[in-house]
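Q: A single structure is presented below for examination.
What follows is calculated from the coordinates using simple rules that are stated; it is not laboratory data. What you see is a predicted model; the values in this text were computed from it and never measured. For neighbour counting, all protein chains shown are included, and Cβ atoms are generated from backbone atoms with ideal geometry for every residue, glycine included.
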Amino acid sequence: MKIGVLALQGDVREHIQSLSDCGVDARAVKTKSEIEEISALVIPGGESTTIAKLARSFDLFDLIQSRIKSGMPTYGSCAGMILLSDNVKDAIEGQETFGGIDMVVRRNAFGRQVDSFETDLKFKGITDPAIRAVFIRAPWVESVGSSVEVLAEVIDESGTKHPVAVRSGNLLATSFHPELTGDNRVHKFFVENICRQLASSKG
Ligand code: GLN
């Protein structure tokens, strides 16, 4: 199975490493023909506004959006989560997303004082030990539609819960960066529970 990591901007190499550790053929993709060849996609962390603009400039935006719409398994971390969201709060003027997940995310939601932090998270479908989650100017999810399953949450100082990992059909998104910790269980979850299950259901 060929899984592409969208290589316009962001931490592409780390995702390729995590996917390779799961035993799949992982490669950087940045042209139309490369994107047509893959059976699943990872959108890395980086800057969602830049990735969207570059996807437009290189004429990849519509292709990626239509492949996502037609069911290509796709995982987005951090900026990648924003790009998979149907609605974005604190977006820049005219910011576009590929969309696909019926949710509202807030960019840079954790505020300036806590630009970056780490915590241990319970992740539905991944057993102990907890996932060490690294957040870097991360979004959180403000609300989800009925088709979206929440897999992990954080609780803020006021006691409010915010989803930080979600799944909707073949789409997976996390606010945090599992590609930076050397623990490949989130990538394995994507490969085993989404990419391989889809491949086997197609026969
Ligand atoms: N704040 C970035 C954005 O809006 C995301 C940061 C990240 O991917 N680490 O795209």
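Q: Expressed as a rounded percentage, what relative contact order does segment 1-87 have, with Cα pairs under 8 Å and six or more residues apart?
A: Relative CO of segment 1-87 lands at 33 percent.
Q: Hey, another quick one. Compute the whole-percent fraction of alpha carbon pairs in the chain spaced more than 25 Å apart.
A: Summing the P(r) of the chain above 25 Å gives 29 percent of all pairs.
Q: Next question, about the same structure. Which whole-number percent is the relative contact order of segment 127-196 (Cα, under 8 Å, 6+ apart)?
A: 29 percent
Q: For segment 35-143, give me the percentage of DSSP beta bridges that are antiparallel, rounded to the nearest 5 percent.
A: Antiparallel bridges make up about 60 percent of those DSSP assigns within segment 35-143.
Q: Using a simple spin-label model with points 7 Å from Cα along the Cα→Cβ vector, what separation in nm is obtained for Glu96 and Ser66?
A: In this crude label model, Glu96 to Ser66 measures out at 1.4 nm.
Q: With runs of 4+ DSSP H residues as the only contributors, calculate the mean residue ellipticity of the chain at 222 nm using -39,500 (n - 2.57) per run, divided by the residue total and rounded to the nearest 500.
A: Calculated at 222 nm, the ellipticity per residue is -6500 deg cm²/dmol.
Q: Quick check on the chain: of the DSSP beta bridges with both residues there, what percent are antiparallel, nearest 5%?
A: 50 percent
Q: Do you know the relative contact order of the chain, to the nearest whole percent, from alpha carbon pairs under 8 angstrom that are 6+ apart?
A: 19 percent
Q: Of the listed peptides 175-181, 29-35, 46-52, what is their order by residue-averaged count of other C-beta atoms within 10 Å, with the highest listed first?
A: The packing order, highest mean first, is 175-181, 46-52, 29-35.
Q: Assuming R0 = 30 Å, can you tell me the calculated FRET efficiency for the pair Met1 and Lys32, based on Cβ-Cβ distance, to the nearest 0.05?
A: Rounded to the nearest 0.05, the efficiency is 0.90.
Q: Which FRET efficiency value, to the nearest 0.05, do you get for Ala130 and Asn108 by plugging their Cβ-Cβ distance into 1/(1 + (r/R0)^6) with R0 = 22 Å?
A: With a Förster radius of 22 Å, E is 0.35.
Q: Shifting gears a bit: Less than 17 Å apart at the alpha-carbon level, and either on another chain or at least 8 residues along: which aspartates and glutamates does that give for Lys32?
A: Leaving aside aspartates and glutamates fewer than 8 places away in the same chain, those within reach of Lys32 are Asp59, Asp62.
Q: If you don't mind, another one. Which value in nm describes the separation of the simple spin-label points at Ala199 and Asp25, placed 7 Å from the Cα toward the beta carbon?
A: 0.9 nm
Q: Could you name the lysines whose alpha carbon sits less than 27 Å from that of Lys122, not counting residues in the same chain fewer than 8 places away?
A: Within the straight-line cut-off, Lys122 pairs with Lys89, Lys161, Lys188.
Q: Assign unit charges at the C-beta atoms only (+1 for Lys and Arg, -1 for Asp and Glu), then state the dipole size of segment 1-131 relative to its Cα centre in Debye, rounded to the nearest 20.
A: The calculation lands at about 160 debye.
Q: Using mean Cβ contacts within 10 Å as the protection proxy, how do 53-61, 17-25 order, highest first?
A: Output ranking for 53-61, 17-25: 17-25, 53-61.
Q: I've got another one for you. To the nearest 20 debye, what is the magnitude of the charge dipole of segment 50-203 about its Cα centre, counting +1 on the Cβ of each Lys and Arg and -1 on the Cβ of each Asp and Glu?
A: So the dipole magnitude of segment 50-203 works out to roughly 360 debye.
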